[in-house]
Amino acid sequence: MRRSLLRLSIPLRQPFVTSGGVVSARELVVLRLRDDDGAEGYGEAAPLEPYDGMTTQRVLAALRNGHGENGPPQARAAEEMARLDLEGRRSGRALGEPGADAIAVNRTLPAGPPAEVAAAAKEGVRQGYSCFKVKVGLPDDVERVAAVREAIGPWPALRLDANGAWSTPQAVERIATLEPFDVQLVEQPCRTLDELAEVRPLVGVPIAADESVTTPDDVRAAAEARACDVVNVKLAGSGGYGAARQAVREAESQGLRAYLSSTLDGPWGIAAALQLAASEGLSLACGLATLELFDARIAQALPQPRDGLLAVPQGPGLGVTVDDEALAEVVVEELE
């Protein structure tokens, strides 16, 4: 079995602004496995330091030393994904069990100037999205959220994501101020589960846990603390397809709803998440329509959303093939 690593840098159409910082290009690490018969499997590691504190170099080192399966969760995710993709391509099967043909997705709106964010939201309505997620945790939150609600009208669902920016008192105050805009949920208003548990009974909007839940144990702790109503699970942070599936199932067993999102993942991670969402029958809109934020041909590896739905790749394996030229366009380093 031959292993090779690709370090990618994918430019974004616009800087992606959150309460945690600004991302102008997405760095990913891709593990490629090739067997003696020429069959290939691809796995994606998607660390995002402003979000999860994990550096690309640490993940790359774990994968390069052959310790990915015992390394950070993003490295474990790449190892498992590449193996499952290769096995699926050999057997002609997809990663997940058969499920829905398409998954409802939200449009993610970075925390830019209110007028610009509202224009992007209005374009999303034209494209058929029925759920929008707005990044908050900045001084102009009210103006931005008000502009988006005006742009999309009264019907589409509106989610807010603070990425843990607020203290408990701030969260209670800010959510009360934003609640009149008919908010479906607020994602990760504070950093810890203990803080979420303090906030939840004091606000009238459902709370979703994101950064503070990555494992089934985290989900169980969130349920026991009554910290949230919903959990947002991400393959990269969970450690892969199997671990994310366990987290989703733990949420359901604890009476919590779940959805999947990306951390600006590449097409391999999005394909895996779509298959998982379909096989688990998730009904809440998932945050997986993020390839459209890339300014590179690799974004075309999967079909664009239509009417707020993303088609589920049917395999074999991940069911996604990236054109060689599109891949070469964003590769900055190849390591054997």
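Counting charges near residue 260 (Lys, Arg +1; Asp, Glu -1) among other residues having Cβ under 9 Å from its Cβ returns a value of 0.
Expressed as a whole percent, the proportion of Cα-Cα pairs in region 249-336 lying more than 18 Å apart is 48%. Spin-label model, residue 22 to residue 70: label points 7 Å out along the Cα-to-beta-carbon direction sit 4.2 nm apart. Value of Rg to Rh for the chain, rounded to two decimals, is 0.96; Kirkwood radius and Rg both from alpha-carbon coordinates. For region 145-232, the solvent-accessible area of protein heavy atoms averages 42 Å² per residue (probe radius 1.4 Å; ligands and nucleic acids excluded).
Expressed in Å, the radius of gyration and Dmax of the Cα atoms of region 205-264 are 10.1, 31. Counting other Cβ atoms within 10 Å, which trypsin sites (Lys or Arg not before Pro) in region 24-77 have at most 14 and lie in a DSSP loop? Filter output for region 24-77: empty list.
With all pairs of different alpha carbon atoms counted, what Kirkwood hydrodynamic radius in Å does region 179-230 show? Don't skip to the end; give the middle numbers.
Numbers: mean 1/r = 0.0918 Å⁻¹.
After inverting the mean inverse Cα-Cα distance, the result is 10.9 Å.
Taking all C-alpha pairs of region 20-72, those more than 15 Å from each other amount to 53 percent.
For region 76-229, just run the numbers: alpha carbon Rg, then divide by 2.2 N^0.38 Å, N being how many residues it has.
On the way: Rg = 18.2 Å, N = 154, 2.2 N^0.38 = 14.9 Å.
Here the answer is 1.22, to two decimals.
Going 7 Å from the Cα of residue 307 toward and past its Cβ, which residues in region 105-127 have a backbone nitrogen under 19 Å from where you end up? What the label zone holds, given the 19 Å backbone N cut-off, is 105-107, 123-127.
If you take all other residues with their beta carbon under 12 Å from the beta carbon of residue 177, and give Lys and Arg +1 and Asp and Glu -1, the sum is -3.
Here the gap between residue 253 and residue 173, fully extended at 0.36 nm per residue and compared with their Cα-Cα distance, gives a gain of 25.6 nm. Semi-axes of the equivalent ellipsoid of region 45-160 are 37, 22, 9 Å, computed as sqrt(5λ) over the eigenvalues of the C-alpha gyration tensor in descending order.
Compute the whole-percent fraction of alpha carbon pairs in region 61-106 spaced more than 16 Å apart.
On the way: 560 of 1035 pairs.
It works out to 54 percent of all Cα pairs.
Excluding ligands, DNA and RNA, the accessible surface per residue across region 11-131 is 47 Å² with a 1.4 Å probe.
State the percentage of accessible surface on the chain attributable to carbon and sulfur atoms; use a 1.4 Å probe and exclude ligands, DNA and RNA. Walk me through the numbers before you get to the answer.
On the way: 6560 of 14090 Å².
The nonpolar share, carbon plus sulfur, comes to 47 percent.
Shape summary of region 1-97, radius of gyration then Dmax from alpha carbon positions: 14.8, 47 Å.
Its alpha carbons considered, region 169-314 gives a radius of gyration followed by a Dmax of 15.7, 46 Å.
If R₀ is 30 angstrom, what is the calculated FRET efficiency for the pair residue 116 and residue 332, using the beta carbon separation as r and rounding to 0.05?
Values: r = 29 Å, r/R0 = 0.97.
Calculated value: 0.55.
Translational D (Stokes-Einstein, µm²/s) of region 122-198 at 4 °C and 1.567 mPa s when Rh comes from the Kirkwood sum over C-alpha pairs? Let's see the in-between values first.
Details: Rh = 12.8 Å.
Here the translational diffusion coefficient equals 101 µm²/s.
The values are calculated or read from the model by the stated rules, or taken from the named source; none is laboratory data. All values reported here derive from a predicted model rather than from experimental measurement. Glycine gets a Cβ as well: all are built from the backbone with ideal geometry, and neighbour counts include every protein chain shown. In case anyone asks, the SASA skips ligands and DNA or RNA and just uses the protein heavy atoms, side chains included. Shrake-Rupley method; radii C 1.70, N 1.55, O 1.52, S 1.80 Å.
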